[in-house]
Amino acid sequence: MDSVWLLIALLFGLLAQQVRLPPLVGFLLAGFVLNALGEEGGELLKLASDYGIYLLLFTVGLKLRLKEFADPAIGGGAATHMLLITLLGGGAFLLLAGIGFGLVETGDLASAAVIAFAFSFSSTVFAVKVFDERGESRARHAVIAIGILIIQDVIAVFFLLLAEQKMPSVWALGLLALPLFRPLLLRVLERAGHGEVLVLFGLATIALAAELFDAVGMKPGIGALVFGMLLGGHRKTVELYKALFSFKEFFLLGFFLSIGLGAMPTLDSLIIVAGLLLLLLPVKTFLYFWLLTRFHVRARTAFLSALSLACFSEFGLIVAREGEAAGLISADWMVVMALAVAGSFAVASVLNIRAHELYERLHRVVARFETQECKDNVAPADPGEAEVLVIGMGRVGRGAYRSMRDDYSEKVLGIDADEERVERLRGDLVNVISGDAEDIDFWRQILRPQIRLIMLALPTHDDMLKVASLLQQVGFDGRIGAVSRYQDEQLELINAGVDAAFNYYQEAGAGFADHIMRQMGESRLPEPDRVG
């Protein structure tokens, strides 16, 4: 993997970003281009590919929360969806085999099941990117989608374990003692600091896990997942995850390049990809939505969750590669899978850019799928006697809440989409409720004549523009305040109907000086002592 490879990968990654696709789509295409130029993968590419997968599995372990399995919508939805797609897809592939179509040359049940199983996965990378960009990572629809994806990832790990061609050695039983070493690992993690030593700790842990599991005859990737789970739940887990994120993305470059270098697309493979995008992907997406509503999830929440899952997955590529290694599917299916993943990302990107607008247009149709039990259990949002609403209870929102509370006492209400944050704040006696400010139905329920001011402290500029637009649509006639980072954002907010926009980069200094003077209890600085 020389500099020319990296330049080609960079070029296609940049091109993908320009059309708002994940860079991995560009990396897959770069692999096909390198293949066409006669390039072949080597040991270095294989090493990068392997460690990309190890990093991916390790970060899955870090994020794993066992309590998410207890939510019927997440656990039941994920398992039922994978089962149905595997059955439906497997049946379709067997039918194609029966008529002798192209790549589906045999009627082998195991082969059809592996192919369909690989296509049942949705992309964790894509969904996380969508929610991060929209500032919705802790919204209910994001929690459901990410929970489903984590369960899918765990199921994939079990598949990798079952796909192992050899029995582990008797020494593998010693791995059962690994939890005893968790306190030691956490102690080292705490002492690793916040910089390069933390990154090195993560990489060294992954290497140790891979070598240890490989030595006892188990898949190295399973070791990475297990060690990630051992470190999960600690206060530094999120920091470690963020520190390793860029390394994971870089090493996965090797994996995606290796897919394109493995084989070139044929006419048959392109026809199958088109069929997958036109037939299987819509069925897969609708099935997510329908199943979630059967588990009594609100129609809007189910709709937004389903759109974020409307793609095939990089984990499906890993499953397909294992199927190829086991001789269950041909290398041509790896090409089909890679093209289908890339194409599904393009489709899902278009859908998710306008996800909230699509819901507004389709909400009457979407609402018909909501169960009566769900409607009965959803309590209408109630602001009580609040005259001031603070939307977004992060650091800026909490500061605004405390400041307004000094003037308005009990008539200030905080609102946040993160239910866990809401519970923590209630424990601190903060007057706060859970609510999604980008849901027009929420505003129709909560707005009352006495509400005079709404302060927007949401994570992204686009979120605040969207909420300002919704407030105009529902006819809110009070004042709207918002925060911004740049002058052009201030102007956009004012043009969107915001009455006052606070630039916290420009005005933080003034706020700092005012805070210090109030803490000192003085309106002016004391005269300095004269020397001499």
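Here are a few things to note about the model shown:
- Residue within region 96-104 that is buried (at least 21 other Cβ atoms within 10 Å of the Cβ), farther than 30 Å from Gly232 by Cβ and modelled with pLDDT under 80 present: yes
- Scope region 193-210; condition assigned to a helix (DSSP H, G or I), over 21 Å from Trp171 (Cα atoms) and in contact (Cβ under 8 Å) with a residue 12 or more places away in the chain; matching residues: Leu198, Val199, Phe201, Gly202, Leu203
- For region 211-328, the helices (runs of 4 or more DSSP H) that sit wholly inside it and include 2 or more residues that are β-branched (Val, Ile, Thr) and closer than 22 Å to Ile53 by Cα are 220-231, 237-262, 314-325.
Table: residues versus (1) crowded, with 19+ Cβ neighbours inside 10 Å; (2) farther than 30 Å from Ser434 by Cα; (3) assigned by TED's automatic domain parsing to the domain that holds Met82.
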position: Ala112; (1), (2), (3): yes, yes, yes
position: Phe119; (1), (2), (3): yes, yes, yes
position: Val125; (1), (2), (3): yes, no, yes
position: Val130; (1), (2), (3): yes, no, yes
position: Arg134; (1), (2), (3): yes, no, yes
position: Ile144; (1), (2), (3): yes, no, yes
position: Asp153; (1), (2), (3): yes, no, yes
position: Leu161; (1), (2), (3): no, yes, yes
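- Counting only helices (runs of 4 or more DSSP H) that fall entirely inside region 336-408 and contain at least 3 residues that are touching a helix residue (DSSP H, G or I) at 6+ places or on another chain (Cβ under 6 Å), the qualifying elements are 355-367.
- Pairs meeting the criteria (first residue in region 91-102 and assigned by TED's automatic domain parsing to the domain that holds Ile329, second residue at pLDDT 70 or above and surrounded by fewer than 18 Cβ atoms within 10 Å (Cβ to Cβ), beta carbons under 6 Å, at least 6 apart or on different chains) are Gly102/Asp268.
- In region 7-60, residue surrounded by the most Cβ atoms within 10 Å (Cβ to Cβ) [restricted to those that are among the polar types (S, T, N, Q) and closer than 20 Å to Phe315 by Cβ]: Thr59
- Check on Leu44, farther than 25 Å from Gly343 by Cβ and among the aliphatic types (A, V, I, L, M): yes
- Of the residues in region 178-192, at least one is surrounded by fewer than 20 Cβ atoms within 10 Å (Cβ to Cβ), among the aromatic types (Phe, Trp, Tyr) and touching a residue at least 12 places away in the same chain (Cβ under 8 Å).
- Against the criterion of being assigned to a loop (DSSP other than H, G, I, E, B) and closer than 26 Å to Phe303 by Cα, Ala437 qualifies.
- With respect to the stated conditions, Gly90 is under 24 Å from Cys311 (Cβ atoms) and not hydroxyl-bearing (Ser, Thr, Tyr).
Yes or no, residue by residue, for (1) farther than 14 Å from Val216 by Cα; (2) modelled with pLDDT of 85 or more; (3) touching a His at 6+ places or on another chain (Cβ under 6 Å):
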position	(1), (2), (3)
Phe158	yes, no, no
Ala163	yes, no, no
Trp171	no, no, no
Gly174	no, yes, no
Leu189	yes, yes, no
Ala192	yes, yes, no
Val197	yes, yes, no
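- Residue that is surrounded by fewer than 21 Cβ atoms within 10 Å (Cβ to Cβ) and of a type in the set (Gly, Ala, Ser), where the choices are Gly217, Gly254, Gly228: Gly217
- Being assigned by TED's automatic domain parsing to the domain that holds Gly399, assigned to a helix (DSSP H, G or I) and under 14 Å from Ile391 (Cβ atoms) holds for only one residue in Leu465, Leu458, and it is Leu465.
- Filter result (at pLDDT 80 or above and crowded, with 16+ Cβ neighbours inside 10 Å) within region 62-78: Leu62, Asp71, Ala73, Ile74, Gly75, Gly76, Gly77, Ala78
- Residues of region 231-251 that turn out to be hydrophobic (A, V, I, L, M, F, W, C) and surrounded by fewer than 18 Cβ atoms within 10 Å (Cβ to Cβ), as a count: 4
The values are calculated or read from the model by the stated rules, or taken from the named source; none is laboratory data. Just so we're clear, the structure is a prediction, and the values are computed from it rather than from any experiment. Reconstructed Cβ throughout: ideal geometry from the backbone, glycine too, with neighbour counts over all protein chains shown.
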